[in-house]
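Structure, as structure tokens:
Just so you know, all these numbers are worked out from the coordinates, no wet-lab data involved. These numbers come from a predicted model, not from an experiment. Glycine also receives a Cβ, built like all others from the backbone with ideal geometry; neighbour counts cover every protein chain displayed.
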Amino acid sequence: MTDDQPPTLSREAFLAAMPNGALGDKLGIEVVEVTPERVVATMPVEGNTQPYGLLHGGASVVLAESLGSIGSALHAHPDRVAVGIDINATHHRSATTGLVTGVATPVHLGRTSACFEVVISDDRGKRVCTARITCALIPAERLAR
């Protein structure tokens, strides 16, 4: 490595250094598994509801984007960084209590983009939401501009 090249983190150091982010912390998102094949996290329903007491759809989208972004960043590391460019979600049923669990699996892992499907389920294993997130994989130096 020359002096003008950034240091490269190991996969383990990269994952340990990846913060949940302020919004993820506020929503109580807890990442429980990260592998190249899947990223899993939980989020409490309580505190993340809309006025009718149902899990807020926006909270589900934040969970999905968090998981897809982590998976994309892991795929992009160490040469590129992942930035979200598209997300969509379908809300299938409501959740009113307990935890929801999101599982992100790759749909496409390319050189310049990554796409993940995220399935969010309730405590009974019933699907609450299905989302798809696409991230652009860009050279890290482009973020410094």
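Okay, here's what the table says:
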read-out: The range 21-78: Cα Rg divided by the 2.2 N^0.38 Å rule of thumb; value: 1.21
read-out: Assigned charges on the beta-carbon of Lys, Arg, Asp, Glu; the range 22-144 dipole about Cα centre (debye); value: 280
read-out: Cα Rg over Rh - the range 22-144, Kirkwood; value: 0.99
read-out: Fully extended contour minus Cα-Cα distance, from residue 92 to residue 33, at 0.36 nm per residue; value: 18.8 nm
read-out: Environment charge at residue 111 (Cβ cut-off 14 Å; Lys +1, Arg +1, Asp -1, Glu -1); value: 0
read-out: Estimated FRET transfer efficiency (residue 140, residue 54; beta-carbon r; R0 35 Å; 0.05); value: 0.35
